[in-house]
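These notes concern the structure reproduced below.
The values are calculated or read from the model by the stated rules, or taken from the named source; none is laboratory data. No experiment lies behind these values; they were computed from the predicted model shown. Positions of Cβ are generated from backbone atoms using ideal geometry, with glycine treated the same way; all protein chains shown enter the neighbour counts. These area figures cover heavy atoms from the full protein model, side chains too; ligands, DNA and RNA do not enter into them. Shrake-Rupley method; radii C 1.70, N 1.55, O 1.52, S 1.80 Å.
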Amino acid sequence: AQVLTAGVQSSLSDPRLFISYEPSTLEAPQQAPVLTNLTREELLAQIQRNIRHEVLEGNVGYLRVDDLPGQEVLSELGEFLVSHVWRQLMSTSSLVLDLRHCSGGHFSGIPYVISYLHPGNTVMHVDTVYDRPSNTTTEIWTLPEVLGERYSADKDVVVLTSGHTGGVAEDIAYILKQMRRAIVVGERTEGGALDLQKLRIGQSNFFLTVPVSRSLGPLGGGGQTWEGSGVLPCVGTPAEQALEKALAILTLRRALPGVVLRLQEALQDYYTLVDRVPGLLHHLASMDYSAVVSEEDLVTKLNAGLQAVSEDPRLLVRATGPRDSSSRPETGPNESPAATPEVPTEEDARRALVDSVFQVSVLPGNVGYLRFDRFADAAVLETL
């Protein structure tokens with residue numbers, strides 16, 4: 001079995017193919033129990049084990065999905081999920097969808113997750129799934145209507161992934177990333193398949209685990225999908241640190257509108273090239289900030305945009321870290337950010353002050369040399 005597995009995987013470059021030897025298995029292994037055969041109470045218990053939620057500090061919604069049920073179960077329990085889970089998350093300012101522990105599920109449940117995060121005025125074709133045993137394809141579209149409300153398109157969504165995120169969860173992360181609806185944070189996903197089946201080879205005790213369904217991924221372009229290679233996160237970080245990283249990103253993104261507004265006000269009030277201000281204000285208002293996940297990203301994007309629009313390399317935004325408003329008041333346009341030194345009364349101290357501002361020497365050829373690196377305050381010069 002090991003030799004066959006190594007040979008098949010290396011020949012086809014597909015780590016999802018696996019051959020096992022199981023002499024104790026009398027019959028072909030059963031697939032996971034069909035959820036629709038369970039009673040409503042059993043379904044509810046299973047749903048509550050696999051789907052958990054809470055509201056975190058900063059009014060951040062947190063939804064953890066460990067197994068995604070299919071369309072029939074979601075249709076049956078939709079009202080329960082909306083009233084007991086989704087309604088508690090609707091009023092949050094941003095959402096974290098945790099798929100780090102989700103390695104299974106049914107692809108018919110994908111439209112439900114995507115549709116609650118997609119604006120309701122349009123339907124979108126998000127994937128096409130090919131099923132090999134039946135030789136059929138199924139298109140996946142967002143739902144034209146959903147129970148309850150959709151999550152506002154103006155609110156940020158972060159999807160958490162790990163190396164164990166597989167199958168349906170990978171497709172959800174991939175679709176939301178390609179839609180530019182979510183920031184994916186964590187590790188590269190497993191690179192699995194939408195549906196894996198374990199098949200007995202003839203009448204032997206050997207079994208072949210093989211992907212039988214395939215995502216054709218229309219959102220990826222060129223037929224590229226996540227299968228085999230996994231979904232690459234927007235922000236890579238160890239899975240156990242992904243939630244902490246996501247919350248930091250959401251904190252930055254909450255501050256974005258205020259930063260942009262203060263930047264617009266500063267340009268409007270102080271920028272000397274007045275004729276370029278309207279273009280700069282329009283540029284700031286229309287910029288796409290969806291990919292900004294760090295202060296460095298924001299500074300780079302703002303500087304590139306402002307300097308290109310104004311054709312002025314002097315326009316420069318930089319991050320200075322947190323400001324303590326009690327000890328570091330903001331400076332006005334006519335104030336120097338550095339404190340003006342007080343003029344000492346002692347002669348030696350005055351000489352030291354002059355030497356710190358001016359450098360004076362006579363060069364060969366009787367050439368006088370005077371260097372000063374900053375202008376001193378007029379009162380200081382007058383006194384000295």
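Here are some notes:
- Within segment 83-122, restricting attention to residues that are modelled with pLDDT of 90 or more, more than 25 Å from Ser215 (Cβ to Cβ) and aliphatic (A, V, I, L, M), the residue that is least open to solvent (accessible area, probe 1.4 Å) is Leu89.
- Set Glu335, Glu296: member being open to solvent by 80 Å² or more (accessible area, probe 1.4 Å) and either in a helix (DSSP H, G or I) or at pLDDT 95 or above (or both): Glu296
- Of the listed requirements (1) within 17 Å of the chain's Cα centre (by Cα); (2) farther than 28 Å from Ala248 by Cα, Lys198 misses just one: (1).
- Condition broken by Thr237, with the remaining ones in (1) in contact with a Ser or Thr (Cβ under 8 Å, 6 or more places away or on another chain); (2) open to solvent by less than 50 Å² (accessible area, probe 1.4 Å); (3) not hydrophobic (A, V, I, L, M, F, W, C) satisfied: (1)
- Single residue of segment 99-129 satisfying the filter (part of a loop (DSSP other than H, G, I, E, B) and of a type in the set (Gly, Ala, Ser)) that is nearest to the chain's Cα centre (by Cα): Ser103
- Taken together, Gly166, Gly192 contain a single residue that is under 30 Å from Asn59 (Cα atoms) and in contact (Cβ under 8 Å) with a residue 60 or more places away in the chain, which is Gly166.
- Residue count for segment 358-376 under the criterion of being surrounded by 10 or more Cβ atoms within 10 Å (Cβ to Cβ) and either of a type in the set (Gly, Ala, Ser) or modelled with pLDDT of 80 or more (or both): the result is 5.
- Residue among Ala28, Ala32 that alone is in a loop (DSSP other than H, G, I, E, B), modelled with pLDDT under 85, over 35 Å from the mean Cα position of the chain (by Cα) and more than 26 Å from Ala242 (Cβ to Cβ): Ala28
- Residue within segment 56-67 that is in the same structural domain as Glu170 (by the TED database), farther than 24 Å from Ala239 by Cβ, open to solvent by 90 Å² or more (accessible area, probe 1.4 Å) and modelled with pLDDT of 90 or more present: no
- Residue within segment 133-143 that is touching a residue at least 12 places away in the same chain (Cβ under 8 Å) and crowded, with 23+ Cβ neighbours inside 10 Å present: yes
- Residue count for segment 68-95 under the criterion of being touching a Ser or Thr at 6+ places or on another chain (Cβ under 9 Å) and over 17 Å from Gln46 (Cα atoms): the result is 1.
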